[in-house]
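Worksheet: the structure to be examined is printed underneath.
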Amino acid sequence: DSLRPTIEPEGFSSVEELEADRRQHLASVRRMFEELDIFVFTLGLTEAWVDRVDGTVFPVCPGVAGGMFDPDRHAFHNFGITEVIEDLHVAIRRISAVNPNARFILTVSPVPLVATAEDRHVLVSTTYSKSVLRVACDEIARSYPERVGYFPSYEIITGSFNRGRYFGHDLRSVTEEGVSHVMRVFMETVSTGGSGELPPKAAADDAEKMLSRLQQFQQVVCEEELLEMGRKQASSIDKA
């Protein structure tokens, strides 16, 4: 499945198995959209690889986690503000079409890019990417004031007021303290129980449970690291 290349690292045993798994997956996604109350979505990247033939946008560079990179077919694309805003409009409209009561909370990932496919320093690309995504969130929230809200997890982690205390020694990984702070603020200010705001103790407990679940995935390779593999692969092909 080119849109979920790491779901079966060793690949599927047959086309039939792949298609059956895809049908099950898409049915679960549709059920989620139809039954959800609030959809929390975190925007993280603007850089992507696109199929020149049919326009498919891949989650990672082809060849990094399955398939083969073809420079004649696979093109790098860095999405701009207009494109991101339009994509969010389309997503909200489509989800709302099957679930008129759906509401949305948008956030922006505070994690800097580890690599960029642009011909410039990764710090510049990080600033561009996060700026585009943050402005897009603001525009969408203003467009749907009764249905879309923005939660400032990005600002909580990256704000200069915390003196960088929520980033690890690599100045990129968010610390457990930072995750706990974000989850605590989220539960206390956004989440509601049957009768108003969750009490502080319940909010803290839920935040700890969420942190525990996040820690289980610490060894997972993130999209930015896969992007770095794709950048190196494309660069080596260009040189060849």
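Among 10-16, 153-159, 32-38, sorting by the average number of other beta carbon atoms lying within 10 angstrom of each residue, highest first, gives 153-159, 32-38, 10-16. Residues whose amide H lies under 5 Å from that of residue 43, counting only those 5 or more places away or on a different chain, are 107, 108, 109; hydrogens are built 1.01 Å from N in the peptide plane.
Thinking of segment 93-194 as a set of Cα atoms, what percent of all their pairs are more than 23 Å apart? Tail of P(r) above 23 Å: 39 percent of Cα pairs. Using C-alpha pairs under 8 Å with a sequence gap of at least 6, the mean separation divided by the residue count of segment 21-153 gives a relative contact order of 30 percent. Note on exposure: 163, 73 ranked by accessible area (1.4 Å probe, complete protein assembly) read 163, 73, with the most exposed listed first. Using only the C-alpha atoms, the convex hull of segment 62-109 corresponds to 151 Å³ per residue. Per residue, the convex hull around the alpha carbon atoms of segment 9-123 comes to 153 Å³. Here's how it looks for residue 167: its modeled amide H is under 5 Å from those of 175, which are all 5 or more places away or on a different chain.
The values are calculated or read from the model by the stated rules, or taken from the named source; none is laboratory data. Computed from a prediction, not measured in an experiment: that's the story for all the values here. Don't worry about glycine lacking a Cβ; one is built from the backbone with ideal geometry, like all the others, and counts go over all protein chains shown. These area figures cover heavy atoms from the full protein model, side chains too; ligands, DNA and RNA do not enter into them. Shrake-Rupley method; radii C 1.70, N 1.55, O 1.52, S 1.80 Å.
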